[in-house]
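S.K.: Below is one structure. I have some questions about it.
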Amino acid sequence: MNGVDGKTAVVTGAGSGIGRATARRLAEEGADVVVADVIEERGRETVESIAADGGNATFVEVDVSDTEAVERMVDVAVETYGGLDLAVNNAGILTGFAEVTDITEEQWDTLMDVNLKGAWACMRAELDVMEEEGSGVIVNVASEAGLVGMGGLASYSASKHGLVGLTKTVALEYAGRGVRVNAIAPGPTDTNIAENMRGGVDPSTLPFDTSTMSEVPMGRSADPEEMAGVVAFLCSADASFITGVTIPVDGGQAAD
Ligand code: NAD
């Protein structure tokens, strides 16, 4: 791929799933990768797997909803590798299925803090460096739930719709300053997100349709590597005229 080699990348939520696959892919393509995650053990596993394959990576523990920790994350990239070229804001959580009226204020705030405020905090810190350098690429990991409504996932869907809007707006703000900002909207992907889900009810008990695998026209879920490939493309110079878009990577769901 054209243009990732020798770049410095930060990937949040890189201890698992889409983030880990993306960190591994960018390192394979020759980028130095800052693996950021709230769970140290998982992040270090990602770093070890990259090193075992001959790539360069370093771990930083960060909770993306903590703005000071996010600033430190970006400092680590600059101090370790001399700058910041690529940022993949991927960390996200899914709270369990619930009717909108059953979501507690605490659940709402926790999810928004990670999925939406976290991405904003990351972009704010990343853009400071990228603007100074006069170049950079940001890829936010949204969701199919950021493009369409999904019964039982009101706060998640709202956070991802917000992230799509944030992506478009920041792309416009930086289009003349050398920084491209895009997002991907994954469909169902085989990761640990369901295991990490907190609370919620069995979706079949809800009095409305909830999203199911049967709604994926291609009839299967994705491997995290299928997301990583699209992120790597958006990071590369092959995507040099693409900014402000959210690419559905969803086996046809968005076309349905
Ligand atoms: P995952 O649970 O396998 O990985 C998420 C990683 O993020 C974990 O390592 C976790 O420790 C980390 N993380 C969680 N909260 C964090 C925080 N506050 N600060 C830093 N790191 C944190 O899940 P995944 O499926 O790989 O999810 C990655 C992204 O993809 C999320 O934004 C998710 O919403 C999005 N997504 C996933 C799917 C899917 O089907 N798996 C579909 C659409 C969108």
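S.K.: Of all residues being polar (S, T, N, Q) and not in a strand (DSSP E or B) in segment 181-207, which is surrounded by the most Cβ atoms within 10 Å (Cβ to Cβ)? Just the residue, please. First the steps, then the outcome.
M.R.: Just the residues of segment 181-207 that are polar (S, T, N, Q), to begin with: 182, 189, 191-192, 196, 204-205.
Okay, now just the ones that are also not in a strand (DSSP E or B), so 191-192, 196, 204-205.
Numbers: 191: 21, 192: 13, 196: 13, 204: 8, 205: 9.
Selected residue: 191.
S.K.: Here's something else I'd like to know. Filter segment 208-256 down to residues that are in a helix (DSSP H, G or I) and open to solvent by 60 Å² or more (accessible area, probe 1.4 Å) and give me whichever is farthest from residue 95 (Cα to Cα).
M.R.: Residue satisfying both the conditions and the ranking: 238.
S.K.: Being assigned to a helix (DSSP H, G or I) and either among the basic types (Lys, Arg) or open to solvent by 40 Å² or more (accessible area, probe 1.4 Å) (or both) is the filter here, so list the residues in segment 45-61 that pass it.
M.R.: 45, 48, 51, 52
S.K.: So which residues in segment 221-255 are in contact with a helix residue (DSSP H, G or I) (Cβ under 7 Å, 6 or more places away or on another chain) and among the acidic types (Asp, Glu)?
M.R.: Scanning segment 221-255 gives 225, 250.
S.K.: A follow-up question, please. Of the residues 83, 118, 92, only one is in a loop (DSSP other than H, G, I, E, B) and either open to solvent by less than 10 Å² (accessible area, probe 1.4 Å) or more than 28 Å from residue 216 (Cβ to Cβ) (or both); which? Even if it seems obvious, please write down each step before you answer.
M.R.: Details: 118 fails: in a loop (DSSP other than H, G, I, E, B); 92 fails: either open to solvent by less than 10 Å² (accessible area, probe 1.4 Å) or more than 28 Å from residue 216 (Cβ to Cβ) (or both).
Selected residue: 83, the only one of 83, 118, 92 that is in a loop (DSSP other than H, G, I, E, B) and either open to solvent by less than 10 Å² (accessible area, probe 1.4 Å) or more than 28 Å from residue 216 (Cβ to Cβ) (or both).
S.K.: Whether any residue in segment 126-135 is open to solvent by 20 Å² or more (accessible area, probe 1.4 Å), under 23 Å from residue 74 (Cβ atoms) and within 11 Å of the ligand (Cβ to nearest atom) is what I want to check.
M.R.: Here is the first cut: in segment 126-135, the residues open to solvent by 20 Å² or more (accessible area, probe 1.4 Å) are 128-129, 131-135.
Narrowing further to those that are under 23 Å from residue 74 (Cβ atoms): 128-129, 131-135.
From what is left, the residues that are within 11 Å of the ligand (Cβ to nearest atom) are none.
So far as segment 126-135 goes, no, none of its residues is open to solvent by 20 Å² or more (accessible area, probe 1.4 Å), under 23 Å from residue 74 (Cβ atoms) and within 11 Å of the ligand (Cβ to nearest atom).
S.K.: Among the numbered criteria (1) within 12 Å of the ligand (Cβ to nearest atom); (2) β-branched (Val, Ile, Thr); (3) over 15 Å from residue 92 (Cβ atoms); (4) in a loop (DSSP other than H, G, I, E, B), which single criterion is violated by residue 64?
M.R.: The single condition residue 64 does not satisfy is (3).
S.K.: Every residue in segment 7-22 that is touching a strand residue (DSSP E or B) at 6+ places or on another chain (Cβ under 7 Å), open to solvent by 20 Å² or more (accessible area, probe 1.4 Å) and either among the charged types (D, E, K, R) or away from the ligand (no atom under 15 Å from the Cβ) (or both), please.
M.R.: Once the filter is applied, which keeps residues that are touching a strand residue (DSSP E or B) at 6+ places or on another chain (Cβ under 7 Å), open to solvent by 20 Å² or more (accessible area, probe 1.4 Å) and either among the charged types (D, E, K, R) or away from the ligand (no atom under 15 Å from the Cβ) (or both), segment 7-22 yields only 7.
S.K.: Does any residue in segment 23-44 that is farther than 17 Å from residue 89 by Cα and open to solvent by less than 70 Å² (accessible area, probe 1.4 Å) come within less than 9 Å, Cβ to Cβ, of a residue that is part of a loop (DSSP other than H, G, I, E, B) and among the aromatic types (Phe, Trp, Tyr) six or more places away or on a different chain, and which pairs are these?
M.R.: Here the result reads none, with nothing in segment 23-44 linked to a residue that is part of a loop (DSSP other than H, G, I, E, B) and among the aromatic types (Phe, Trp, Tyr).
The values are calculated or read from the model by the stated rules, or taken from the named source; none is laboratory data. Quantities reported herein were computed from a predicted structural model and do not represent experimental measurements. We place every Cβ from the backbone using ideal geometry, glycine too, and count neighbours over all the protein chains shown. Side chains included, ligands, DNA and RNA excluded: accessible areas come from the protein's heavy atoms. Shrake-Rupley method; radii C 1.70, N 1.55, O 1.52, S 1.80 Å.
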